[in-house]
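Each remark here refers to the structure printed beneath this line.
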Amino acid sequence: MDDDIADLAAALSAAEHAVVLTGAGISTESGIPDFRSKGGLWEKYDPFEVASMATFVSEPERFWAFHRPRIDMLSSVEPNAAHRAIAALEGRGLVKALVTQNIDRLHARAGSHDPIEVHGSLDRGLCIRCDQRVSLDELVARADAAEDGVPRCSSCGFQMKSGVVLFGEAMPAAEIDRAYEEAASADVMLVVGSSLQVSPVSELPGMVLGRGGTLAIMTEGDTPYDGSAQIRLRGRAAVQMQQVLEELPG
Ligand code: NAD
């Protein structure tokens, strides 16, 4: 057994309040490309542009031409062993909270109790003008029924979006507050599959380190915390999270 896996298992086992923070890298083994890896989304699209509030407002057809197939892709994938291992650790009481930057709902589908989704979620449709809310199924039905592929609010007629936070859009304040509260209580933080470059989530590991807590990073690529994390794993998350789970008593 890899020493770092054993160290991570021991840290989780001894923790009073372990918090897991995940990013796009945890879902690549489910078939969802991340943003920054080779073959990731940034090689094909500029997410700052196509997934931005500015494009949604001024070019809804182009926005929906990108998003509609993405909803199908995100709905067709399954959680992997890393999502399931985190849910199992929650079930054993070893992980107290899960903060995710992902919008793919795979944590909830793997059995995580109440993931804190700081970038929103693909679980609903909403109108930013009059706040009409609909299910994801209804949003998709409206997009598919529209000649231009743009779902519209049945109350005010404005184009609708999903619950995913766009670039240029405010993050959900309640979720961000909860994420900060969890980081403020954490004595161990495990980061899985995140480059830790997107603020404000990128500040959370620093909060834990600043109070003398333990930071473990399980991410293939580099992060700004690589020099300060006490435990640094660079393998595939699905394999390594399963190994961590097996190292811990059931
Ligand atoms: P990122 O793309 O910046 O970084 C992902 C990191 O995970 C990279 O360092 C990569 O090397 C690593 N990685 C990839 N596959 C891995 C694996 N199998 N095991 C371990 N590590 C792996 O992701 P980020 O930090 O989450 O920031 C990107 C932003 O994009 C976030 O805001 C997120 O909301 C959004 N996003 C979400 C999804 C999703 O919901 N699945 C997908 C793409 C982007």
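The values are calculated or read from the model by the stated rules, or taken from the named source; none is laboratory data. Not measured: the values here are computed from a predicted model. Note that we place each Cβ from the backbone using ideal geometry, even for glycine, and neighbour counts take in every protein chain shown.
See the values below:
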{"read-out": "Any strands (runs of 3 or more DSSP E) falling wholly within the stretch 128-230 and containing at least 3 residues that are of a type in the set (Lys, Arg), within 16 Å of the ligand (Cβ to nearest atom) and over 19 Å from the mean Cα position of the chain (by Cα)", "value": "none"}
{"read-out": "Filter result (surrounded by fewer than 20 Cβ atoms within 10 Å (Cβ to Cβ), over 21 Å from Ser76 (Cα atoms) and at pLDDT 80 or above) within the stretch 21-47", "value": "Asp46"}
{"read-out": "Test for Glu182: is it farther than 30 Å from Arg68 by Cβ, surrounded by fewer than 17 Cβ atoms within 10 Å (Cβ to Cβ) and among the charged types (D, E, K, R)", "value": "no"}
{"read-out": "Test: residue in the stretch 125-134 that is buried (at least 17 other Cβ atoms within 10 Å of the Cβ) and of a type outside the set (A, V, I, L, M)", "value": "yes"}
{"read-out": "Enumeration of residues in the stretch 100-119 that are crowded, with 16+ Cβ neighbours inside 10 Å, closer than 19 Å to Glu78 by Cα and not acidic (Asp, Glu)", "value": "Thr100, Gln101, Asn102, Ile103, Arg105, Leu106, His107, Ala108, Ala110, Ser112, Pro115"}
{"read-out": "Qualifying residue in the stretch 230-248 (condition: touching a Gly at 6+ places or on another chain (Cβ under 8 Å) and surrounded by fewer than 22 Cβ atoms within 10 Å (Cβ to Cβ))", "value": "no"}
{"read-out": "Among (1) within 24 Å of Val50 (Cα to Cα); (2) surrounded by fewer than 21 Cβ atoms within 10 Å (Cβ to Cβ); (3) in contact with a His (Cβ under 6 Å, 6 or more places away or on another chain), the one test that Asp137 misses", "value": "(3)"}
{"read-out": "Condition broken by Ala18, with the remaining ones in (1) surrounded by fewer than 22 Cβ atoms within 10 Å (Cβ to Cβ); (2) more than 13 Å from the ligand (Cβ to nearest atom); (3) of a type in the set (Gly, Ala, Ser) satisfied", "value": "(1)"}
